[in-house]
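This report concerns only the one structure given below.
Values in this text are rule-based calculations from the coordinates and carry no lab data. Small disclaimer: the values here were computed from a predicted structure and weren't measured. Ideal geometry is used to build each Cβ from the backbone, glycine not excepted, and the neighbour counts take in all protein chains shown.
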There are 2 protein chains.
Amino acid sequence: MKLKATALCLLAGVGLSLQTHAQTDSLMLRKIFDEALVKGECYENLRYLCKKIGSRLSGSAGAQKSVAWSKKLMEGYGFDKVYLQEVMVPHWVRGEKEQGIIVMGDTRTPVAMAALGGSVASPKAGITAQVIELQSLKELETLGEARIKGKIVFFNRPFDERFIETGGAYGTAGDQRNVGPGAAAKYGAVAVIVRSLTASLDNYPHTGGTNYGDNPKIPAAAISTMAANKLSMLLKQRSAIPVKFFLKTSCQTLPDVLSYNVIGELKGTENNNKYITVGGHLDSWDLAEGAHDDGTGVMQSAEVLRIFKAVGYRPKNNIRAVFFMNEENGHKGGIKYAEQALKDKEEHIAALETDEGGFTPRGFSFERATPAFLKGINQQWKALLEPYETDRLVAGGGGTDIGPLRQTHPNIQLIGFRPDSQRYFDIHHTPNDVFENVNKRELELGAAACASLIYLIDQHGLSF
Amino acid sequence: MKLKATALCLLAGVGLSLQTHAQTDSLMLRKIFDEALVKGECYENLRYLCKKIGSRLSGSAGAQKSVAWSKKLMEGYGFDKVYLQEVMVPHWVRGEKEQGIIVMGDTRTPVAMAALGGSVASPKAGITAQVIELQSLKELETLGEARIKGKIVFFNRPFDERFIETGGAYGTAGDQRNVGPGAAAKYGAVAVIVRSLTASLDNYPHTGGTNYGDNPKIPAAAISTMAANKLSMLLKQRSAIPVKFFLKTSCQTLPDVLSYNVIGELKGTENNNKYITVGGHLDSWDLAEGAHDDGTGVMQSAEVLRIFKAVGYRPKNNIRAVFFMNEENGHKGGIKYAEQALKDKEEHIAALETDEGGFTPRGFSFERATPAFLKGINQQWKALLEPYETDRLVAGGGGTDIGPLRQTHPNIQLIGFRPDSQRYFDIHHTPNDVFENVNKRELELGAAACASLIYLIDQHGLSF
């Protein structure tokens, strides 16, 4: 009887201490969200980045300007340490506005087209060739050089709309753009045009990087989904007049340029050499302002540290906001960050990347997510995050910029911020990725969600 | 030993049967989502409603046109029964474009303003009076007739941005518009202007209904949040020149008009007299196209029935899609529907309202949600809805149109569809509530979420 009573008391004691922890955490999360929603600064910071600086492709004047401004911004917030990390980045330029024209006999129909990042230029006069439409890279093999050689390959596999999160559709359609041009070149194609990577039926070309690997380099461009539908329809008509395509691009790759990751840091009060990173990428494509991709991510990352200072939270571990350079066409900033962290013998607990747009938060994905980890983190933290509707804690990828830490710091947990994904690929890599398409509250909620998770990790670690 | 083995077998049997159920349900939900996302028709239907018909305020030609078109639409889908339900509705008209001007001596600053629905007109020449800014209806009492009489009361309490779901902020700020004008009239105010009900800082006036109750009727209008900030700033300057406001409106209430709820029905295979309703409202405010409010809701409701037919699901109970008339300024359609259901001795299991915009689904709220109910429904159905990220099953309101069923059918469960709420009040009741602000996939996911819940209720009931 007595033993049982003692056990009960012990249990009550544990319960009490857990409850106190949970209450402290719950109060802190409320403070974080209130600060973000009522006194948030990331929206106005993003406005500056988009409207006063604009596009920030690696190596461009915009990118350099954004580095200087970002450093000043974080210094202005009084973070404990703000510095630049040197990194050599590729310098690809688009050149003159591209021309893409469907040619059938005397009928010429211009279409919305943008060269793929990293692509080589066409001959100066442009290139005209017959078009062959493929749905997959595998078809290259099936058809062989006989059918491909001398033609313009048109990859036209659309997004699979059945995916609930659009990232899944992007992932499965992406090979056409990422490696399609190189693969087609191997079979003698003279150029590649790719259906824009989006489920949206509109007239914007979606650019994005391509990697030829060891294959010959041929001109490669994306055409809008409306243009792709038109071209496909014409091909399906099997007219006696062959369907050709004229493509003229003048992009080129210049020598690498010195650029920088921009890093802000709050010093930990307990663990001198332990780090938690939150970051996004400062560079963007050249067609617009890089608002959702990834102005929102870098502005949220700085906002996490600003919120901690504003609510008076002094972290146990060093917390870093990292504005990575060159995510879009080289990942050099992410590689450099990991290398330097290894060289400096830093211990990294976790890194959180926000690079899926500034939309309403839904949760986070964790790379090293054993069943026990997922069970534990959901048992401990889901209820804390639930009032903010950012409580989907699932297995999944971290992100491109933090990826290299996987090798240099095998014990790190890599985490992806997961906002609502429905609108991302409507504007992704298009002229439409502008400040006006970012919603203030959605952006702020995302910043608060990231701050909340970083706070919980800082307080309790990630051993579940 | 034998007994235990039997128990184990029984247990295994139950487990198996549960699993089979869950598998059937899971497969059906996947079918529903695939149909909505790949072959969905609600987006194109919404385009027609918004672009070919447009605004649909009760009693207007647009409303009548939308009734006829909606009936034809559902007939075209071959639902088992499609019919109109007569309902007399108020007929308020805005009249000429309103004029609202801040007047300080000779300086006249026009502001974005829209009369509130139901409001009376100003005198023909307009009305000019000194402005008094209040933050709450309570202040009317504190200040009393001495300070209010002869003035224009300016209710300027902003949205509380700390709410995570914006409906909370709308709810707590709403009294200023809903009953503020009548309350101010009681103290001798000559007109009321209200800060638009939104957290967004923009230059659109947000209209919406006001109800004078038994109080005198005075002109009432909403001004944009930017105009409200300007007016408030001028008042705070305490200049020697008094801050006045000129307001001219010419709205009027005409005699009631015969209109209709539009109802489509799939017959139940088992329960002749049992009904499950899914609905939204067909009427809209007059300033725009009523896209999110509530074109999306009615088009999703019809889509639920269309999906059932398309995937070959034959419901056990009668399933009704109801396009309610007159939600915005009278709720007459909702009242009529409940009265008729009572008169016809129909048994109603549940009614689901979709009237919070066509945004990404998050879940559903249930009015009669005991702790046992919430526990049960989450245990049984959360895992089924989780892959579609519409699994937040919480206590909360159903909606205005289905509300009257609470009295006529005390056993009914009233359910609100809960999409992401962040952008709703950016466009709610403004000239910006247009088709272009609806995202195709978000709309389709919402339709599939509603269809999924209706399917589960039809299969399993709601006894948890």
Taking amide hydrogens as modeled 1.01 Å from N in the peptide plane, which residues meet the under 5 Å criterion relative to A:SER200, leaving out close sequence neighbours? none
Report the Stokes-Einstein translational diffusion coefficient (µm² s⁻¹, integer) for the protein assembly as shown, Rh taken as the Kirkwood radius over Cα pairs, at 10 °C with viscosity 1.306 mPa s. 52
Rounded to the nearest 5, what % of DSSP beta bridges with both residues in the stretch B:96-250 are antiparallel? 55
Which residues does the label zone of A:THR24 cover in the stretch A:305-329, counting backbone N under 18 Å from a point 7 Å along Cα→Cβ? A:308-309, A:311-318
Where does each of B:PHE246, B:PHE79 land when they are ranked from fewest to most other beta-carbon atoms within 10 angstrom? B:PHE246, B:PHE79
I need the phi-derived Karplus couplings for the stretch B:201-206: 6.51 cos²θ - 1.76 cosθ + 1.60, θ = phi - 60°, integer Hz, Gly and Pro marked x. 8, 8, 10, 9, x, 9
Projected label distance in nm at A:VAL257 and A:ARG108, using a 7 Å step from Cα toward the beta-carbon: 3.3
Once label points are set 7 Å from the Cα along Cα→Cβ at both B:THR142 and A:LYS65, what is their separation, rounded to one decimal in nm? 4.8
Counting only GluC sites (Glu not before Pro) that sit in a DSSP loop (anything but H, G, I, E, B) with at most 13 other Cβ atoms within 10 Å, what is the longest stretch of chain B containing none of them? B:271-464
Net charge dipole size for the protein assembly as shown [Lys, Arg +1 and Asp, Glu -1 on Cβ; Debye, nearest 20]: 60
State the Cα centre-to-centre distance between the stretch B:167-203 and the stretch A:197-245 in whole Å. 53
Averaged across the residues of B:420-426, what count of C-beta atoms belonging to other chains lies within 10 Å of each residue's C-beta? 4
Using only Cα atoms, locate the centre of the stretch A:280-354 and the centre of the stretch B:34-86, then give the distance between them in Å, rounded to an integer. 48
One would report the antiparallel percent of DSSP beta bridges in chain A, rounded to the nearest 5, as 50
Mean ellipticity per residue at 222 nm, deg cm²/dmol - from DSSP H runs of n ≥ 4 across chain A, formula -39500 (n - 2.57): -11500 deg cm²/dmol
State the three equivalent ellipsoid semi-axes of the stretch B:96-250, derived from the C-alpha gyration tensor as the square roots of 5 times its eigenvalues, in descending order and whole Å. 21, 18, 16
Determine ³J(HN,Hα), in whole Hz, for all residues of the stretch A:261-274 in sequence, where each value follows from phi through the Karplus function 6.51 cos²θ - 1.76 cosθ + 1.60 and θ = phi - 60°; x replaces Gly and Pro. 7, 10, 10, x, 9, 9, 6, x, 7, 10, 10, 3, 10, 9
For the stretch A:225-302, which trypsin sites (Lys or Arg not before Pro) pass both filters: DSSP loop (anything but H, G, I, E, B) and at most 10 other C-beta atoms within 10 Å? A:ARG238
If you project the alpha carbons of the stretch A:282-324 onto their three principal axes, what span does each projection cover, largest first, in Å? 40, 17, 8
Just to confirm the number: angle between the C-alpha axis of helix A:2-39 and the first principal axis of chain A, 0 to 90 degrees, nearest 10? 50
In nanometres, what is the gap between the two model label sites at A:LEU84 and B:LEU342, each 7 Å from Cα along Cα-to-Cβ? 7.5
Sorted largest first, the C-alpha extents of chain B along its principal axes in whole angstrom are 95, 50, 40
Residues of the stretch A:306-346 with amide nitrogen under 13 Å from the 7 Å Cα-to-Cβ point of A:ASN271? A:315-320, A:346
Give A:LYS51/A:LYS440; A:LYS149/A:LYS244; B:LYS274/B:LYS309; A:LYS230/B:LYS440; A:LYS149/A:LYS332 a once-over and call out the pairs whose C-alpha atoms are over 23 Å from each other. A:LYS149/A:LYS332
For the stretch A:418-464 and the stretch B:96-113, distance of Cα centres in Å: 40
Chain B, relative contact order in percent, only Cα pairs under 8 angstrom and at least six apart counted: 21
For A:LYS31, A:LYS97, A:LYS309, what's the fewest-to-most ordering of other Cβ within 10 Å of each Cβ? A:LYS97, A:LYS309, A:LYS31
